[in-house]
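Read through the structure below, which is laid out as structure tokens, and then see the notes.
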Ligand code: AQP
């Protein structure tokens, strides 16, 4: 399979990003051709992205990804804006994208509702995302659940292009992992996300004290509706626990919950212990990588490899539409 996926350099990597996407990115390197992209053009859609912060965040994210297990020798790891073919294909694909489809994108509607100034890039974001994937003729995309609608749109765009101009693009399928939907600990009705503020995410490299505090104060019993076995907050803690603890530990706590004996304080302590154990090797590697000075070269080499594929596919797309 040729795998493509991207992540925005907009601050810290959190548990949602890791369990929803990055952990699979790492596993998929075995036996597949993987292309992973730090999508900085996408990050520009956030109004508060400062230029210096963006420069710094790209490098930091690359180091975080390597610490998580992305191997830039085996895998193509690069920064989106180093391959400007993304934006050219985006324009071509925009011309086979339905305006109506774009107005139905949930992420756009949610983000637009929270802002005073809504930039055009935010509206066009899913077209650029389709271009990111299709530029590499990728057939599979590991993502969290929040991205499924965008991926469905990417398939529609591929289909429309292929129908008009002859088959060029595969219709990319999602790969969803067990952690495809991690919710905020402070408000388990919302996904874990940076946009809602620091209390709504747990960063992979965050100080231990801060992680402990966030887990301790996780919302538990609010929002339990009659007939429901578990409140959204407790269900979310179990979702994360399943990703970090052995099955027998999870089963024991589930049994206690069924029997009405579970103390949430205990659940949170167990979760904290196992989470820190899972994160420890990543955090250690990240600390070692802090001294690595060749990250710009690593990313430039990744961009060179990506660009070889991108040039060829864009050239073909240009020819198909009559721009050659
Ligand atoms: N809560 C989540 N649960 C599971 N997967 C998630 N992803 C993000 N949040 C969750 C997945 O992480 C990958 C990278 O996504 P991104 O670049 O869109 O990440 P992000 O948008 O920077 O994450 P945030 O915190 O949600 O940012 P904002 O608030 O800016 O939108 C994707 O595969 C995504 O599915």
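Every read-out reported here was derived from the displayed coordinates using simple, explicitly stated rules and does not represent laboratory data. All figures in this text were calculated on a predicted structure; none of them were measured in a lab. For neighbour counting, all protein chains shown are included, and Cβ atoms are generated from backbone atoms with ideal geometry for every residue, glycine included.
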Exercise. How far, in nm, would the chain grow between residue 99 and residue 119 when pulled straight, counting 0.36 nm per residue and subtracting the alpha carbon separation?
Worked result: 5.6 nm
Seminar exercise, completed: At 20 °C in a medium of viscosity 1.002 mPa s, segment 72-144 has a Stokes-Einstein diffusion coefficient, with Rh taken as the Kirkwood radius over alpha carbon pairs, in µm² per second, of 155
Exercise. Tilt of helix 51-68 relative to the longest C-alpha principal axis of the chain, in degrees (0 to 90, nearest 10)?
Worked result: 70
Seminar exercise, completed: Computed on Cα atoms, Rg of the chain relative to 2.2 N^0.38 Å comes out at 1.04
Exercise. Roughly how large, in nm² to one decimal, is the mean projection of the convex hull of the alpha-carbon atoms in segment 162-217?
Worked result: 6.6
For this session: Would you calculate, for the chain, the mean residue ellipticity at 222 nm contributed by helices, counting each DSSP H stretch of 4 or more residues as -39,500 (n - 2.57) and dividing by all residues, to the nearest 500?
Result: -17000 deg cm²/dmol
Problem set entry | FRET efficiency, residue 254 to residue 148 (Cβ-Cβ, R0 30 Å, nearest 0.05) | 0.65
Exercise. Residue separation times 0.36 nm, minus the C-alpha to C-alpha distance between residue 106 and residue 164: what's the value?
Worked result: 18.1 nm
Problem set entry | segment 207-286: C-alpha pair distances exceeding 22 Å, % | 25
Exercise. Given 0.36 nm per residue, what is the gain on full extension from residue 304 to residue 285 after removing their alpha carbon distance, in nm?
Worked result: 4.2 nm
Problem set entry | Relative contact order [Cα under 8 Å, 6+ residues apart], segment 1-117, whole percent | 30
For this session: Based on other C-beta atoms within 10 Å, arrange 163, 41, 196 from fewest to most.
Result: 163, 196, 41
